[in-house]
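The values are calculated or read from the model by the stated rules, or taken from the named source; none is laboratory data. Since we're looking at a predicted model, the values are computed, not measured. Please note: Cβ atoms are built from the backbone with ideal geometry, for glycine as well, and neighbour counts cover all protein chains shown. SASA here: full protein model, heavy atoms, side chains in, ligands and nucleic acids out. Shrake-Rupley method; radii C 1.70, N 1.55, O 1.52, S 1.80 Å.
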Amino acid sequence: MFNVDKDSLLPIYYQIEEGLKSLISSGELQPGEVIPSERELCDRYDVSRMTVRQAINNLVNEGYLVRKRGKGTFVGMAKIEQGLKGLTSFTEDMKVRGMNPTSILLDFREIKATPALSTKLNIHENEWLIEMQRIRLADDIPMAYESVYLPKELVPDLTKEIASKSLYDYIEKEKKLSITHADQTLEAAVAKEKEAGILQIKEGAPVLLIERTTYLETGKPLEFVRSFYRGDRYKFKIELVRS
Ligand code: 16G
């Protein structure tokens, strides 16, 4: 276990929080393992129930711990660490981690480009687009919810069946188009009712909103994608070089 120093200037709840985090990062507490009960922690550190609860609540909110009603509090799954440099697909990202990527296609239809989408995709307003909404799952756990918009002209034969599999595979292997670069933004957001239901998280839980415009070798935008990634399952990593 860890130590709590009552003479320290650091609040006790914070010390318990950091202590539990260190047990998780050292592997002493494994993902899916139950943590000691509130009562045990109170007794062991001779602190109030409120103090312990505050530490645990913070860790639950940050995704380190998960509460299961009537069963106790468990260590959450380790977050997926996603590099931000390579232009990869969801399928590739999950496969390199030994996870099984699948998709649930929630919507697939043709729409006319709105002014906002025509700007993102550098096409005329009212040009036909294919819109698809997909839940992306890894080992059957929902990770992200994507809304993808593609100029129909580039993928006139795209079907629901293809949309349920890897889009990048289809573009590169079937259509023989070369995907070269993308612009991407990443920002903090909270799950609204719709996203929370789809991602199986609580309304108000933190999510990462990612928008990507991906380009072909020709310079034409292939897709504009708006996606919500679960904040409790993802962290993004980038190397910084000081020039
Ligand atoms: C990723 C991309 C998305 C792309 C998809 C293709 C982000 C934020 N988004 O989810 O733009 O459409 O991969 O994946 O990374 P697929 O080839 O597995 O269908």
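For region 129-180, the equivalent ellipsoid derived from the Cα gyration tensor has semi-axes of 21, 13, 10 Å, listed largest first. For residue 238 and residue 164, what is the calculated FRET efficiency with R₀ set at 35 Å and r taken between the beta-carbons, to the nearest 0.05? So, using R0 = 35 Å, E works out to roughly 0.70. Measure off, as a whole percent, the carbon and sulfur share of the 1.4 Å-probe accessible area of the chain, all protein chains present. Answer for the chain: carbon and sulfur cover 49 percent of the accessible area. In this simple spin-label approximation, residue 79 and residue 157 carry label points 7 Å from Cα along the Cα→Cβ vector, and these lie 4.2 nm apart. Select from 53, 212, 226 the residue whose mean-square fluctuation is largest in a Gaussian network model of the chain (Cα-Cα springs shorter than 10 Å). Among 53, 212, 226, the largest mean-square fluctuation in the Gaussian network model of the chain belongs to 53.
Our analysis of region 80-237 gives Rg over Rh at 0.94, with the two radii drawn from alpha carbon positions and Rh computed by the Kirkwood formula. What would the Debye formula give as log10 I(q)/I(0) at q = 0.17, 0.24, 0.25 Å⁻¹ for the alpha-carbon point model of region 12-75, no solvent? Those come out to -0.51, -1.06, -1.16, one per q.
Placing pseudo-labels 7 Å out from each Cα toward the beta carbon at residue 139 and residue 181 gives an inter-label distance of 3.7 nm.
The phi torsions of region 186-192, fed into the Karplus equation with coefficients 6.51, -1.76 and 1.60 and a -60° offset, translate into couplings of 9, 9, 6, 7, 10, 6, 7 Hz, rounded to whole numbers, with Gly and Pro shown as x. Summary of packing: across the peptides 25-35, 99-109, the per-residue average of other C-beta atoms within 10 Å ranks them, highest first, as 99-109, 25-35. Annotation: per residue accessible area for the chain equals 58 Å², rounded to a whole number [probe 1.4 Å, protein chains only]. Once the C-beta distance of residue 203 and residue 119 is scaled by a Förster radius of 30 Å, the resulting FRET efficiency is 0.45 to the nearest 0.05.
Adding -39500 (n - 2.57) for every DSSP H run of four residues or longer, then dividing by how many residues the chain holds, sets the calculated 222 nm ellipticity at -7000 deg cm²/dmol.
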